[in-house]
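For reference, the structure discussed in these notes is given below.
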Amino acid sequence: MKQIATVLILIFSAHLLHAQDRILRGIVNSQEENTGIPGVNVVLKGTSIGTTTDANGAYQLSISTKGGTLVFSSIGFQNKEVTIGNQSKIDVVLVTDTKILTEVIVTGYGTQAQKTITGSIASVSGKAIENIPAPSSDQLLQGRAAGVQVSANSGTPGGGMMVRVRGTTSINGSSDPLYVVDGIPIQSGSLSAIGLGGSTTNPIADINPADIASMEILKDASATAIYGARAANGVVLITTKRGANKKAKISFGTYIGTQNLWRKPAVVDGTTFETLINEASVNNGQAAPYANPAGTINTDWREPVFQNGLLRNHDLSITGGTDKIQYLVSVNNFFQEAVIKGSDFKRTSGRVNLDFTPINKVKVGTSVLFSRNFRNRVRNDDNISGALEGSFFLPPNLPFYQTNGSYTKFGTFESPLAAVEHNDITMSTNRFLANVYAQYDIIPGLSLRSSFSLDYSNIQEDLYDDTFLNNGAAVNGSARSVNTRDDNWVQENVLTFQRSFGNHSINALVGTSVQESVFSRTSATGQQFPSNDFRRIISAAVQTGTSEGSSWGIASVFGRFVYDYKNKYLATVNVRRDGSSRFGVANRWGTFPSVSVGWLLSEESFMKSVSAINVLKLRASYGFTGNQSGITNFQSLGLWGGNLNDLGDVSGSSAYVNLPGTAPVQLANPNLKWETTEQSNIGLDLGLLKNRLKITADYYVKNTRDLLLAVPVPRTSGFNTLVQNYGSVQNSGVELGINADVLRGGADKLDWNVNFNIATNRNRLTKLAAPFTVYNRDIYRYEEGYSMYSFYFHEQTGVNRETGAPIFTDVNGDGKFDANVDRKIVGNANPDFFGGITNTLSYKGFDLMFFFQYSYGNMQLHWNRFFQEHGGTRNTNFMTSQLDRWQKPGDETMIPKMTAENYSGNLRPSRFLEDGSYMRLKNLSIGYSLPATLLSKIKLSSARVYVSGQNVLTFTKYTGLDPELTGTAATNLTQGIEFYTMPQPRVYMAGINVSF
């Protein structure tokens, strides 16, 4: 009897289990954008059985009943109920709820509805940046997010960018944000080994901008603390496009354009050059060297240097999928020539994004990018051997060629003609960026995701200076070849729980992360080649080689808890604990917590009667983040060896009379720890007039302490300095963003959207061991109480109207001017405010977009003028500003009389500091989309043709080549300086986008 009962129980249990095996699937789309909505709650009404949609809006739910009702709910959308019946696949479309904010924002390790976010996050959609000709995604952030300052270090194609999120937080370390692409923290610093002046390369250019779905910039501690020790400078999350449960769609886009200089170098011709040299000689009591300036030749050294560069781009992608598998496959080919001959950038890349649901509750997927970039590079940006520098320096009364047909040489400067015709410097990069993940939905609302990511770069650089160039002529040909390999892998596990209980809603996660970075470099040099036909180092008579390598690792645990009560009271807690191999044994681990709260006043009963206000949310946050990039890998250790390199590696020997040996090269400091940034933020989100007007405002204070600096130590230690945690800097500011739908006309009427942002940031050094100066002629000074990037000059207030001598401030008040002591800080490169404004209009298939980017109040050092406005003390060419010199009593000018005394080598006149404020029409685009009736006849789903321009107009008082140029010598300690730097081009192009 017991056996029969047991069998009946097993049969009944099997029947119950079978009843629970019924699977419901579907896609939840947005009516407004016809795209999948992530994070939608799907619940069987009257039960606790439910799940949430994934990143593509797909869901899968096990139920034990044949009937019932599914309830679909998501913040920003109206709830929808659907009767199940006998259906196994239920797709729904949710309608936007105009009473609340609707955007879904990517955050660290997940997504959140805009309404529930209590931190400060700026979002830039892929639609806002499409059709903009930019080789890298960080350029696309320029002027589009409040508090994010983006400027070009140079106009070099694929060159480095300066990106600052709420100011500069470190002196010795990097202040660049952390970039995370599809969950992969990537290597974003320049890996070039062959220095060509201040010109740097940009690894972010490896990523095709057309693949980007959105970019989120995490700004305050509440948003960034989940990334802990690498988040003090902000975090940029780049999310690429993915497939969807839709019919396959093929999209193709192409554009082609031309580029030219916005402004050429302002140098004088041969006649004017000789006239000025004669005047300076006479003023110095010497004979005029040129008898007939009017009869001299006039060589324009700019002519062989500059060109109208070509720009072209081709994109092809295929997207689609089923309820089981979704895919995106894309390929890209991009090419850009510089406005200086010999420099260009080419990218060929392919991407595969795949999401697959093999069985119930299990999902796996991958994101894979392979990119191959090739650069032809030129010496440029703070390098007197470059073509641009030569076009400034070489006197215009010299010919291109000598009578024997050889290039005209002038002192140590390179012939610009030879520099462009014989330049042979290349760099090729193979970049592999991949992520593989598996996700298991344990129970409704609880899932475990495990992922492994790899960021691999292999870089080959080759240089050959032939005998026509100065560098090669001295050694009968000179070559260098460098191979660099950079491997970064990350393994992460994240457990996420999301559930609503009546008036309570929680979203929590915990996770672990392990990362290792391994770097290696092998280089070889050669000199004395048989001829210029032999360029490989194996042909050199003199050969040398070296290799180096380094590695670091970081292990982390982290967690986040988001709480929502009655859709009105919000709170978020983040914490991350990181351990890094870079730091001393006493402080290897650091903890970085944050907390934030929000109050949605618009959901309170007393606000319901205010119909004009749809959203009113107050936010506040406080927390800590870190920066581990202030030191090299082994700087906490006492090291013996030969010499330290930039990586912190030590050569194996210290030679003495050609014998190997070792010597102490670094003192140990086991107490080294992170640079820590403490940040507080208060913010306001406001939506008015059915959210046609959205306003976001923030005020923040960031205090960074324990700066990693080389601090002087007693000489009895055997060393001059020791890297210690000593120093602090403060950044504070206000940010305002406004998005307004001025007109909502619909398909056949005029639509007009305006997006405006403005931000201020005040930077101040609050603690330093001692003041110090940096760069050529000590023109930057770092001093407690002043901001970073402060200029240190002799303050020139005018020119004596009677004598033509410059007038300088007597700083120490002793009644006389002394160039050795009377220098002072006379301004800095930080703007008073900066931002951008975008207008987007559409009418019956036509669209117009124009975007202005601006900066105000920053000083820009036109350092070219120091060398080209020399008053005859050099025999190089003059800039046209020299023509405004003092010549006779009564002249009012800032340019002194041309005498050796007035242009002494000890003088650093502040007149070379100019107002760097500017407003630039950064992008202009006019397009037309073909109507649906025509598209159906030619079997297309969409087609758009357009013309576009970049850097179209510039309004500025600055007299240099480009007011945006921000750096030189590839150092973080200099900004706001133009020193023979390649300017950004003005671009005009036309393109077409079609989909099948």
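GLY309 meets all of the listed conditions (1) in contact with a strand residue (DSSP E or B) (Cβ under 6 Å, 6 or more places away or on another chain); (2) crowded, with 20+ Cβ neighbours inside 10 Å; (3) of a type outside the set (Val, Ile, Thr); (4) more than 28 Å from TYR407 (Cα to Cα) but one, namely (4).
So which residues in the range 684-712 are small (Gly, Ala, Ser) and surrounded by fewer than 24 Cβ atoms within 10 Å (Cβ to Cβ), if there are any at all?
ALA697, ALA710 - these are the residues of the range 684-712 that are small (Gly, Ala, Ser) and surrounded by fewer than 24 Cβ atoms within 10 Å (Cβ to Cβ).
Among the residues of the range 833-881, count how many are polar (S, T, N, Q) and over 30 Å from VAL734 (Cβ atoms). Going through the range 833-881 one residue at a time, the tally reaches 9.
Assessment of the range 858-870 against the conditions (farther than 26 Å from PHE955 by Cα and modelled with pLDDT of 95 or more) yields at least one matching residue.
Kindly indicate whether any position in the range 591-612 is touching a strand residue (DSSP E or B) at 6+ places or on another chain (Cβ under 7 Å), modelled with pLDDT of 75 or more, surrounded by fewer than 17 Cβ atoms within 10 Å (Cβ to Cβ) and small (Gly, Ala, Ser). Scanning the range 591-612 turns up at least one residue that is touching a strand residue (DSSP E or B) at 6+ places or on another chain (Cβ under 7 Å), modelled with pLDDT of 75 or more, surrounded by fewer than 17 Cβ atoms within 10 Å (Cβ to Cβ) and small (Gly, Ala, Ser). Residue pairs whose Cβ atoms lie under 9 Å apart, separated by 6 or more positions or on different chains, with the first residue in the range 236-253 and under 30 Å from ALA146 (Cα atoms) and the second of a type in the set (Phe, Trp, Tyr) and modelled with pLDDT of 95 or more, are ARG242/TYR327.
Kindly indicate whether any position in the range 166-173 is modelled with pLDDT under 90 and of a type outside the set (A, V, I, L, M). The answer is yes; a qualifying residue exists.
In summary, ASP138 fulfils each of the numbered conditions (1) in a loop (DSSP other than H, G, I, E, B); (2) buried (at least 24 other Cβ atoms within 10 Å of the Cβ) with the single exception of condition (1). Any residue at all in the range 497-506 that's part of a strand (DSSP E or B), at pLDDT below 95 and small (Gly, Ala, Ser)? Yes, the range 497-506 contains a residue that is part of a strand (DSSP E or B), at pLDDT below 95 and small (Gly, Ala, Ser). Among residues that are in a loop (DSSP other than H, G, I, E, B) and either closer than 22 Å to ILE186 by Cβ or of a type in the set (Gly, Ala, Ser) (or both), SER556 is not included. Residues that are within 25 Å of ALA291 (Cβ to Cβ) and in a strand (DSSP E or B) within the range 391-412 comprise TYR401, PHE410, listed in sequence order. Tell me, please, whether a residue that is at pLDDT 70 or above and of a type outside the set (Gly, Ala, Ser) can be found in the range 639-652. Yes: the range 639-652 contains one or more residues that are at pLDDT 70 or above and of a type outside the set (Gly, Ala, Ser). A Cβ distance below 7 Å, combined with a sequence gap of six or more or placement on separate chains, defines the contacts here; from the range 261-273, residues that are more than 14 Å from HIS870 (Cα to Cα) and among the small types (Gly, Ala, Ser) reach residues that are at pLDDT 90 or above and not in a loop (DSSP other than H, G, I, E, B) in the pairs ALA266/MET879; ALA266/THR880. Considering only residues of the range 594-633 that are of a type in the set (Phe, Trp, Tyr) and in contact (Cβ under 8 Å) with a residue 24 or more places away in the chain, which is nearest to GLY228 (Cα to Cα)? The residue in question is PHE624.
Residue check: ASP355 meets all listed conditions (1) buried (at least 23 other Cβ atoms within 10 Å of the Cβ); (2) more than 30 Å from SER317 (Cβ to Cβ); (3) more than 24 Å from the chain's Cα centre (by Cα); (4) not β-branched (Val, Ile, Thr) but one, namely (2). Go through the range 233-277 and give me each residue that's outside any loop (DSSP other than H, G, I, E, B), more than 30 Å from GLN307 (Cα to Cα) and of a type outside the set (Val, Ile, Thr). LEU237, LYS249, SER251, listed by residue number. Looking only at residues of the range 743-761 that are assigned to a strand (DSSP E or B) and more than 27 Å from the chain's Cα centre (by Cα), we find that the one that is nearest to MET919 (Cα to Cα) is TRP752. Looking at ARG777, ARG781, ARG744, ARG801, just one residue is over 28 Å from PHE834 (Cα atoms) and out of contact with any Asp or Glu (no Cβ under 9 Å at 6 or more places or on another chain), and that residue is ARG777. Give me the pairs, please: first residue somewhere in the range 489-513 and of a type in the set (Gly, Ala, Ser), second residue anywhere and surrounded by 16 or more Cβ atoms within 10 Å (Cβ to Cβ) and assigned to a loop (DSSP other than H, G, I, E, B), beta-carbon distance under 8 Å, and either six or more positions apart or on two chains. Correct list of pairs: GLY511/TYR109.
Scan the range 741-763 and give yes if some residue there is of a type in the set (Ser, Thr, Tyr) and surrounded by fewer than 16 Cβ atoms within 10 Å (Cβ to Cβ), otherwise no. Checked against the condition, which is being of a type in the set (Ser, Thr, Tyr) and surrounded by fewer than 16 Cβ atoms within 10 Å (Cβ to Cβ), the range 741-763 yields no hits at all. If you check THR83 against the conditions, is it without any contact (Cβ under 8 Å) to a residue 40 or more places away in the chain and of a type in the set (Ser, Thr, Tyr)? Criteria met by THR83.
Let's see how each residue does on (1) surrounded by fewer than 20 Cβ atoms within 10 Å (Cβ to Cβ); (2) assigned to a strand (DSSP E or B); (3) free of Cβ contacts under 8 Å to residues at least 40 places away in the same chain:
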| site | (1), (2), (3) |
| --- | --- |
| ASN430 | yes, yes, no |
| LEU448 | yes, yes, no |
| ASP455 | no, yes, no |
| ASN476 | yes, no, no |
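Step by step: first the residues of the range 724-738, then only those that are outside any loop (DSSP other than H, G, I, E, B) and modelled with pLDDT under 95, then the one that is surrounded by the most Cβ atoms within 10 Å (Cβ to Cβ). Which residue is that? The qualifying residue surrounded by the most Cβ atoms within 10 Å (Cβ to Cβ) is ASN725.
Would you check if ARG379 is within 30 Å of ALA474 (Cα to Cα) and surrounded by 21 or more Cβ atoms within 10 Å (Cβ to Cβ)? In short, yes. On inspection, GLY295 qualifies as without any contact (Cβ under 8 Å) to a residue 12 or more places away in the chain and either buried (at least 20 other Cβ atoms within 10 Å of the Cβ) or over 30 Å from GLY36 (Cα atoms) (or both). Of the residues making up the range 872-894, those that are outside any helix (DSSP H, G or I) and either aromatic (Phe, Trp, Tyr) or within 30 Å of LYS409 (Cβ to Cβ) (or both) are GLY872, THR873, ARG874, ASN875, THR876, ASN877, PHE878, MET879, ARG885, TRP886. Condition check for ALA438 on (1) farther than 20 Å from ILE340 by Cβ; (2) crowded, with 18+ Cβ neighbours inside 10 Å: one failure, at (2). Within the range 145-161, the residues that satisfy the criterion of being under 20 Å from SER123 (Cβ atoms) and touching a helix residue (DSSP H, G or I) at 6+ places or on another chain (Cβ under 7 Å) are VAL148, VAL150, MET161.
For ILE318, indicate whether it is in contact (Cβ under 8 Å) with a residue 24 or more places away in the chain and assigned to a loop (DSSP other than H, G, I, E, B). Here the answer is no, as ILE318 does not meet what is asked.
Number of residues in the range 657-700 that are outside any strand (DSSP E or B), in contact (Cβ under 8 Å) with a residue 60 or more places away in the chain and under 30 Å from LEU743 (Cα atoms): the value is 3.
The values are calculated or read from the model by the stated rules, or taken from the named source; none is laboratory data. Computed from a predicted structure; not experimentally measured. As a convention, Cβ positions derive from the backbone with ideal geometry for all residues, glycine included, and neighbour counts pool all protein chains shown.
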